[in-house]
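Coordinate-derived values only; no laboratory data. Everything quoted here is computed from the prediction, not taken from an experiment. Glycine also receives a Cβ, built like all others from the backbone with ideal geometry; neighbour counts cover every protein chain displayed.
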Amino acid sequence: MVKTTIIARISDGLPLAASMDDEQLAEYKGQAKTIFKRLSPNSEPRCSIESGKYVFHYIIEGSVCYLCICDQSYPRKLAFSYLEELVKEFNMSYGNEVDKPGLRPYAFVKFDTFMQKTKRIYQDTRTQSNLSKLNEDLQDVTRIMTKNMEDLLWRGDSLDRMSTISGELKDSAKMFKDKARHLNLQALYRKYGPPAIIALVILFVLLVRYYWF
């Protein structure tokens with residue numbers, strides 16, 4: 001289930017809104033603040049970060065990060081569908097205000113009403129609407145990078161580096177695909193090239209004999 005939700009500004013990590021819920025998650029909320037501090041416009045736009053029995057899922061949209069903490073067993077597709085709904089509503093309600101100078105922490109605390117209402121909809125994964133979401137291809141969550149909180153906290157890996165690694169993996173995959181295509185073409189040339197040349201020579205000889213003899 002979705003345990004808690006925090007919305008923050010990327011430029012300075014300023015919390016804009018948060019759900020009023022489980023105080024037992026104080027340690028994990030502290031880790032969420034660490035994530036916000038390490039975000040930048042170049043960070044991976046969608047990411048899942050594992051930490052103990054929980055997972056942090058976030059979406060970066062514009063200058064805002066939408067993050068929720070969920071149980072490990074909670075379906076990732078539902079977590080990101082939940083965040084997508086928050087993105088749409090928050091943008092519509094406060095999109096023009098988030099970059100105003102002098103904005104106070106939790107300036108949009110009233111947004112908690114919408115978060116609580118939406119969270120209740122997503123709590124039970126067995127409801128018909130949530131089962132339908134799981135069966136729909138709302139987004140390809142298999143391509144969303146998964147990171148470990150321990151790496152982020154103790155090994156100094158930044159979320160920007162995650163984005164770089166993701167880009168390098170995509171480039172490597174493309175290069176491998178191009179090489180595979182080149183090798184396949186070479187194999188086709190070796191297999192069908194000689195017979196094709198012989199066929200062309202025979203055809204040429206037949207044409208010459210037909211027109212000249």
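Which pairs in the list 29/88; 33/100; 110/147 are over 29 Å apart, alpha-carbon to alpha-carbon?
Working: 29/88 23 Å; 33/100 21 Å; 110/147 31 Å.
Violating the 29 Å limit, Cα to Cα: 110/147.
Compute the distance in nm between two label points, each set 7 Å from the Cα along the Cα-to-Cβ direction, one at residue 103 and one at residue 88.
2.2
What ranking, highest mean first, results for peptides 42-50, 102-110 when packing means the other Cβ atoms within 10 Å averaged over each residue? Working shown, then result.
Details: 42-50: 18.2, 102-110: 13.2.
Packing order, densest peptide first, comes out as 42-50, 102-110.
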